[in-house]
Amino acid sequence: MGTGQEWRLSARARKAFLVGHIVAAAAWFGLDLALDFLAGTALLTDDLTVKATSLGALRFFAVWPMFTASVLTLGTGAVLGLGSRYGLVRYWWVAAKLAVNLLMAVLILFSLRPGIDAAADYARALMAGGPAQPVDLLPPMVVAPSLLLFAYLLTVFRPWGRVRRTAPGKALAHDGA
């Protein structure tokens, strides 16, 4: 590293981390689709047993499995970025993916988790036949897949060009892609 050359992943290691990154991102998207399916079923059904069962099942797909997938995606993406010509903040599209991943991990812990806990409470109250306060799971049903799709599109189209560092005190610039 002291020779002025950047550290790079070997071709075999790059492929292994790329497969890990793709699998983790796909698992995350699949878990998110399961959340959307269950929450959508609960939202659209009039059958209280189906509603309660769907809401109760959310805890198996949301929060910790999704957070784990986000951390795996973040970790493999960071290794790929650091071990390739793309870097972590060398290109706008990579920096944006990093920001989306971090934002979503925080949202999973601090926004989705309380919503899933409230959905589980609502499901228990429905099953007990008591009064229950409905829970709004529509925002995560829209926000999460939209942000994941945005990250996927960034990977495919790689927009906005390269981030260039300028003289101290000057703003960052970019070239068009």
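The values are calculated or read from the model by the stated rules, or taken from the named source; none is laboratory data. All figures in this text were calculated on a predicted structure; none of them were measured in a lab. Using ideal geometry, Cβ is built from the backbone for each residue, glycine included, and neighbour counts are taken over all protein chains shown. In case anyone asks, the SASA skips ligands and DNA or RNA and just uses the protein heavy atoms, side chains included. Shrake-Rupley method; radii C 1.70, N 1.55, O 1.52, S 1.80 Å.
Could you sort Trp93, Trp160, Trp64 by their accessible area in this structure, using a 1.4 Å probe and putting the largest first?
So the residues, ranked largest to smallest area, are Trp64, Trp160, Trp93.
Which residues among region 100-132 fall inside the zone where the amide N is under 14 Å from a point 7 Å beyond the Cα of Thr49, along Cα→Cβ?
127-129
When only Cα pairs under 8 Å and 6 or more residues apart are kept, what is the percent relative contact order across region 6-101?
The value is 38 percent.
Kindly write out, for region 12-20 in residue order, the coupling ³J(HN,Hα) from the Karplus curve 6.51 cos²θ - 1.76 cosθ + 1.60 (θ = phi - 60°), rounded to whole Hz, with x marking Gly and Pro.
Going residue by residue, I get 5, 5, 4, 5, 5, 5, 5, 4, x Hz, with x marking Gly and Pro.
Could you tell me whether region 1-102 comes out rounded, prolate or oblate from its Cα gyration tensor? Rule is a ≥ b ≥ c as square roots of the eigenvalues, rounded for a/c under 1.5, then prolate if a/b exceeds b/c, otherwise oblate.
prolate
Does the chain come out rounded, prolate or oblate by the C-alpha gyration tensor, with a ≥ b ≥ c the root eigenvalues, rounded set by a/c under 1.5 and, if not, prolate when a/b is larger than b/c and oblate if not?
Verdict is prolate for the chain.
If I ignore ligands, DNA and RNA and count only protein heavy atoms, how much of Val63 is accessible to a 1.4 Å probe, in Å² to the nearest 10?
Approximately 10 Å² for this residue.
With every protein chain left in place, what is the accessible area per residue of region 1-148 in square angstrom, probe 1.4 Å?
Per residue, region 1-148 has 55 Å² of solvent-accessible surface.
How far apart, in nm, are two points set 7 Å out from the Cα along the Cα-to-Cβ line at Val142 and at Ala16?
Going by the 7 Å Cα→Cβ label model, 4.3 nm.
Which order do Phe150, Phe29 take when ranked by solvent-accessible area (1.4 Å probe, heavy atoms of all protein chains), largest first?
Highest to lowest solvent-accessible surface, that is Phe150, Phe29.
Carbon-plus-sulfur fraction of the accessible area of region 17-176, 1.4 Å probe, in percent?
72 percent
Output wanted: per-residue J couplings in Hz (rounded whole) for region 25-41, from phi through Karplus 6.51 cos²θ - 1.76 cosθ + 1.60, θ = phi - 60°, x for Gly and Pro.
5, 5, 4, 4, 5, x, 4, 5, 5, 4, 4, 4, 5, 5, 5, x, 4
Using label points projected 7 Å from each Cα along Cα→Cβ, tell me how many nm separate Glu6 and Val71, to one decimal.
Taking the simple label geometry, Glu6 and Val71 are separated by 2.8 nm.
Quick one: order Met141, Met104 from most to least accessible surface, probe 1.4 Å.
Of Met141, Met104, the descending order of accessible area is Met141, Met104.
Just to check I understand the Karplus step: with θ = phi - 60° and J = 6.51 cos²θ - 1.76 cosθ + 1.60, what whole-Hz values come out for region 134-146, glycine and proline as x?
x, 10, 9, 9, 5, x, x, 5, 9, 5, 4, x, 5
For Val163, which sequence-distant residues (separation of 5 or more, or a different chain) have an amide H within less than 5 Å of its own amide H, given hydrogens modelled in the peptide plane?
Here Tyr91, Trp92 satisfy the definition.
For Phe157 and Ser111 in one chain, what is 0.36 nm times their gap in residues minus the Cα-Cα distance, to one decimal in nm?
This chain segment gains 13.6 nm when fully extended.
May I ask you to give the average projected area over all directions of the convex hull of the Cα atoms of region 78-158, in nm² rounded to one decimal?
That works out to 6.3 nm², a quarter of the Cα hull's surface.
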